[in-house]
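The values are calculated or read from the model by the stated rules, or taken from the named source; none is laboratory data. This is a predicted model, so every value here is computed, not measured. No Cβ is skipped: glycine too gets one built from the backbone with ideal geometry, and neighbour counts run over all protein chains shown. Accessible surface areas use protein heavy atoms only, side chains included; no ligands, DNA or RNA. Shrake-Rupley method; radii C 1.70, N 1.55, O 1.52, S 1.80 Å.
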Amino acid sequence: MEYDLIVIGGGHAGIEAVNMGSSFGLKTALLTMPGVGIASAPCNPCVGGVGKGQVVREIDALGGLMGKLADMSGIQYRILNESKGFAVQSTRVQIDKQLYSNNAEKLVSSLPHVSVIKEKVNKIWKESELFHVETSARTYRTKKVILTVGTFLNGKLHCGDKTTLGGREGTESSLKMQELFEGIRVLPQRFKTGTPARLDRATINYEKMEKQPSDGRTRNFHYQNSPFTRHVEQLNCYLTYTNEQTMGIIRDNKEKSPMFNGQIQGMGARYCPSIEDKAYRYPDKNIHHVFVEPEGIDLETVYPSGISSSLPKEAQEEFIATIPGLEKAKIIQYGYAVEYDVVDTTQLDNTLMLKSCPGLYFAGQINGTSGYEEAGGQGLVAGLNAALSLSGKEPVVPRRTNSYIGVMIEDLITNTRDEPYRLFTARAENRLYIREDNSFIRMHPYRTNFGLNQPIDRHLENMISQFKLINKLIEKTEFNNYFYEGERFGLNEFLVSQERKLTLGEILKLAWLDPVDVLSFVLEKEKISVNWDVLNTCAISAKYEGYIERANQQYMKMAKLDTKKLDLPLILASDNVSFECKRRIEKISPETFGQLKRINGLRAASLAVIASGAY
Amino acid sequence: MDLSQYYDSSDAIIACSTGELENTAISVVRISGSIGPESVQTVLSKSGSIEPKVAYVVEIIKENEVLDEAVLTYFKAPNSYTGENVYEFAVHGNQINVKRLISHLSDALNLRKSAPGEFTYRALRNKKISLSQVEGLDQLLNAKSVFALDSGMGLLKGELQKEFLKLKNLFTDLKSAVELNTDFSEDVGEEAGKKIFNDKFNEFLSHITLLNRRGSIEPEMLLKPSIGLFGRPNAGKSTLFNKLLTRERSIVSEQAGTTRDYISETLMINNNQFELIDTAGLRSSNDSIEMEGVKRAEEIRKNCFYKILLINSEEDEKVDGEYDLVIYTHTDKNNRVPEGDGSIGANLLVDNISEQIMGRVSKKFDELTKNKPFTVPRHREAIKNIYEMSCNFEDLCSQTSDIAVISSELGSIEVYVNELLGQVSTDDVLKNIFNNFCIGK
């Protein structure tokens, strides 16, 4: 059997890659392990979050699946950072994980030109420009391969002193990378991630916890969905806290913790600590948040977020019972940690293709990232570029100046990870501009470069032209001494006190006003009806205009330096750059100063020498 | 010879480090470069290897003739002042001898005579010292007062660098707190996050306020402090000038307006060198030379460390402008001694007038230097900018809760903090968050 594209691994990265292949009309196969659900959620049952919500919207505007799937199974919506300004606001949706996986499987199977094959891959090799993928059943040939095997690569599970081979609970692990494909470098340091115990929802006393209901004002992820119409029943999440007793039990069991007794060698993410981490690292802090999240409408399990643990079962039972509301909680599945191999992403180019092996791509957790959203973004970029390459087109890779996907891709390929990578807004230099609300504007030029004329393209075109129209209105409409009858912003008096006319744009910038409220009021008065996203973006863009411009000026100064091409041989021969720095630089081979700057562990002194060109 | 043409040079260089103007008992001739001890050995009578950090008595020879006997110390790269191989010869300090030795060593070992400051430049280039240490060294070598000496030494020892480093750390903490509130708000909780931010900002603000206070004094005023005598013609400025110097230097006459330009002399008070300036009398005049003198007196007054105004008590004159001290003179002819701020109300005949004045000058100097004011203009400028922006930042925070805007403003301050020190990268900030705060679900 011969394919254009084979994607190995049916997780969040894999399905986005398959979807791109299908969009471009490639004959595509998704090879996934038997018994593992498509796009399952083995950790937090939610999609989005600070920095991640932005990625989901970017994926959505590029024609990806994640936003659609999240909406179809979204059981609780929230806007994070709501009080902190528009730029850093992010959407997070709790999902019914069973529904999510079922919908994903249905959706992927229905994609044109796609076959879903449930077989375990044993070996991959390249022969006369074609890849051969050998599974337990047969051998497939393909022009392009994308590996999205998540934590399954040489995966090892830990629960107390019990270790088993596997990518997650109840599944087997894939082979080691070296066995799967010769000549690919994996990081010497294995990564580790963990997950908490799952509890029986009927045994929890919700009276003792703070209720967090679904927020009806949070916009759905998918652009073509009506903003606030939910697709399934909405549920509550709950918040409770650990206490001295909880943490005491965990501290007493330190020597039984695989993470601290040497059983686990892998490096976990500092931003996603297990409860053991918290207990030992912050010995004075006993109160930690525990978010109790339902895993689905029909599922009996809840996910207690914040207490991931690989302690022995008895210890898990003991400490969970000390948490208010969880005294009688029955554990359905115990928490565990998983260690896995990670590819050294500095071997990849910005389309996530292995430089030394054209046609072979890597995306998702195998690249050392964590999170479904990060995986999805990578899967999309890899799938898209595999397809573009097959049709002889130029690559399309979002840049870091206008997308979180771009930030992530560049971070990945210019740096060797020493812990799992997650997106933060802090990683973006341009976060006043890279917002959730304007994703369609930011992604539209990239989407246009796909060269596909699909319904989503027409939807985006329509939004862009509305955006331009409303912006003109904001620029041109002037108010002299009077705003509108019955306005509730105090603008009638304010305008009288002004010496000159103000444009609507200037009014939207006023610090004490919510620009979205004001603009929707004006449009209503003027009887102009406009797409909700367009209205939102126009108002917020007007508000930030000045700040973005100033940030851009600062950024341009930096960018000038950042885009400066480097004379690598000269740097590597320079006496003024330390040996250790040279070694790191040589390994990454950065082209610009900006890429060089992001290499971990470079000394400030060496950076200064290179920046000033004094090498 | 200009140092700038040698910025990229890696030649081995030589110079006499102890000055070439006077004969002294010992002079130090220093060599720096990649030149190895076995090469240096070729000009010595000594056999056996030269070990670093050991002092050897050696003979410097030229074609079997001994030029001088010297003590040689070798500092092996990178553990030397310049970071290169350094050889220090303590030789006999007759300047003819020193010149002959330098000429011989240059020829024999293929050395170049160093440009002024080149050793220190190489130390900077090889990251042995920081820029502010170079600034300190410059001050140390040219110090005119114990204060300047101390402050130069402080810079050299990196004390100021430590203060700046502390500022940078506090800034990184503040920046981390903003990121904590942005990316980890749910983990730390809204209120706790706000408190961390406020605490971090207050710590940063109080440190920068402290630093800014140290920068509020014009450093020139302290590095080359002057005492100015002002007053109308014939108020007795020159008399006081002479009295302070205890010798007749200024021309004293009974006719008003004798001192037309200013005259200055050096006055040592408590190991600090002051320039004592006798200015032309401040009065309007049609005489163009005198007018020029008056104009100059105004200028001197602006930069003067200690300003003394003399008023002839016979004339009805009011104190105009700020002075450290007002002295009423000619009280022997007039009993009217008005009380005024800072006035010692004395007549110049008072015996201990010099001691009184010197005591007051000394007191002011000690008070101002007690807080270790900044002596390098570059530091002052950067600190002032950071301080002013921090005050604006405080206003901004009271007006908006938009954290992306707040963070963008912080970015502007960062430019100046970086100017004082190295970079604050995202990784530094994130590292800081993970090390100091408990986050993560």
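Just a few scattered comments:
- The condition (being surrounded by 12 or more Cβ atoms within 10 Å (Cβ to Cβ) and more than 33 Å from the chain's Cα centre (by Cα)) is satisfied by just one residue among B:ALA70, B:ALA15: B:ALA70.
- The requirement of being closer than 21 Å to B:SER103 by Cα and crowded, with 16+ Cβ neighbours inside 10 Å is fulfilled somewhere in segment B:74-83, by at least one residue.
- Unique match (being away from chain B (no Cβ under 14 Å), among the hydrophobic types (A, V, I, L, M, F, W, C) and under 20 Å from A:GLU419 (Cβ atoms)) among A:ILE275, A:ILE331, A:ILE320, A:ILE264: A:ILE264
- A:GLY51 within 14 Å of the chain's Cα centre (by Cα) and not polar (S, T, N, Q): yes
- Scanning segment A:261-298 for residues that are over 19 Å from A:THR242 (Cβ atoms) and more than 25 Å from the chain's Cα centre (by Cα) yields a count of 6.
- Matching strands (runs of 3 or more DSSP E) fully within segment A:265-353 where at least 2 residues are among the β-branched types (Val, Ile, Thr): A:289-294, A:301-305, A:331-333
- Count of segment B:394-408 residues which are open to solvent by less than 40 Å² (accessible area, probe 1.4 Å), free of Cβ contacts under 8 Å to residues at least 24 places away in the same chain and under 36 Å from the mean Cα position of the chain (by Cα): 2
- The set of residues in segment B:181-220 being within 14 Å of another protein chain (Cβ to nearest Cβ) and assigned to a loop (DSSP other than H, G, I, E, B) consists of B:PHE184, B:GLY189.
- Listing of helices (runs of 4 or more DSSP H) fully contained in segment A:494-577 that carry 2 or more residues being away from chain B (no Cβ under 14 Å) and touching a residue at least 60 places away in the same chain (Cβ under 8 Å): A:532-562
- Residues in segment A:426-442 include at least one that is open to solvent by 30 Å² or more (accessible area, probe 1.4 Å), within 14 Å of chain B (Cβ to nearest Cβ) and more than 27 Å from A:ARG584 (Cβ to Cβ).
- Residues in segment B:350-374 that are in contact with a helix residue (DSSP H, G or I) (Cβ under 8 Å, 6 or more places away or on another chain) and farther than 16 Å from B:THR246 by Cβ were compared, and the one that is surrounded by the most Cβ atoms within 10 Å (Cβ to Cβ) is B:PHE374.
- Some residue of segment A:334-351 being more than 30 Å from A:VAL186 (Cβ to Cβ), in contact (Cβ under 8 Å) with a residue 40 or more places away in the chain and within 14 Å of chain B (Cβ to nearest Cβ): no
- Of residues in segment A:474-511 being under 38 Å from the mean Cα position of the chain (by Cα) and open to solvent by 50 Å² or more (accessible area, probe 1.4 Å), the one nearest to B:THR400 (Cα to Cα): A:ALA511
- Checking the stated criteria, B:ALA123 turns out not to satisfy the condition of being modelled with pLDDT of 90 or more, of a type in the set (Gly, Ala, Ser) and touching a helix residue (DSSP H, G or I) at 6+ places or on another chain (Cβ under 9 Å).
- Contacts under 9 angstrom Cβ, first residue in segment A:284-295 being under 19 Å from A:ARG251 (Cβ atoms), partner part of a strand (DSSP E or B) and open to solvent by less than 30 Å² (accessible area, probe 1.4 Å), 6 or more apart: A:HIS289/A:LEU239; A:HIS289/A:THR240; A:HIS289/A:SER305; A:VAL290/A:LEU239; A:VAL290/A:THR240; A:VAL290/A:PRO304; A:VAL290/A:SER305
- Residues located in segment A:33-62, provided they are surrounded by fewer than 24 Cβ atoms within 10 Å (Cβ to Cβ) and more than 14 Å from chain B (Cβ to nearest Cβ): A:MET33, A:PRO34, A:GLY35, A:VAL36, A:GLY37, A:SER40, A:ALA41, A:PRO42
- Residues of segment B:34-63 classified as among the acidic types (Asp, Glu) and within 19 Å of B:SER103 (Cβ to Cβ), total: 2
- Tally of residues being of a type in the set (Ser, Thr, Tyr) and crowded, with 24+ Cβ neighbours inside 10 Å across segment A:368-384: 2
- Here A:LEU326, A:LEU348, A:LEU360, A:LEU299 are screened, and the one residue that is more than 30 Å from A:PRO213 (Cβ to Cβ) and in contact with a helix residue (DSSP H, G or I) (Cβ under 7 Å, 6 or more places away or on another chain) is A:LEU348.
Rundown of residues vs (1) in contact with a strand residue (DSSP E or B) (Cβ under 6 Å, 6 or more places away or on another chain); (2) acidic (Asp, Glu); (3) over 30 Å from A:GLN76 (Cα atoms), yes/no style:
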| position | (1), (2), (3) |
| --- | --- |
| A:GLY248 | no, no, yes |
| A:ASP252 | no, yes, yes |
| A:TYR271 | no, no, no |
| A:SER305 | yes, no, no |
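- Filtered by the rule that a residue be modelled with pLDDT of 65 or more, surrounded by fewer than 18 Cβ atoms within 10 Å (Cβ to Cβ) and assigned to a loop (DSSP other than H, G, I, E, B), segment B:233-253 gives a lone residue, B:THR246.
- Taken across segment B:45-55, residues that are in contact with a helix residue (DSSP H, G or I) (Cβ under 6 Å, 6 or more places away or on another chain) and either open to solvent by less than 30 Å² (accessible area, probe 1.4 Å) or under 30 Å from A:ASN576 (Cβ atoms) (or both) do occur, with at least one present.
- Residues that are out of contact with any Gly (no Cβ under 9 Å at 6 or more places or on another chain), open to solvent by 20 Å² or more (accessible area, probe 1.4 Å) and more than 10 Å from every other protein chain (Cβ to nearest Cβ), drawn from segment A:278-300: A:TYR280, A:PRO283, A:ILE297, A:ASP298, A:LEU299, A:GLU300
- Filter result (closer than 21 Å to A:GLY35 by Cα and part of a strand (DSSP E or B)) within segment A:125-143: A:VAL133, A:GLU134, A:THR135, A:THR139, A:TYR140
- Residue in segment B:88-107 that is open to solvent by less than 70 Å² (accessible area, probe 1.4 Å), part of a helix (DSSP H, G or I) and touching a helix residue (DSSP H, G or I) at 6+ places or on another chain (Cβ under 7 Å) present: yes
- Residues being within 26 Å of A:ILE297 (Cα to Cα), open to solvent by 10 Å² or more (accessible area, probe 1.4 Å) and more than 10 Å from chain B (Cβ to nearest Cβ) - total across segment A:63-88: 3
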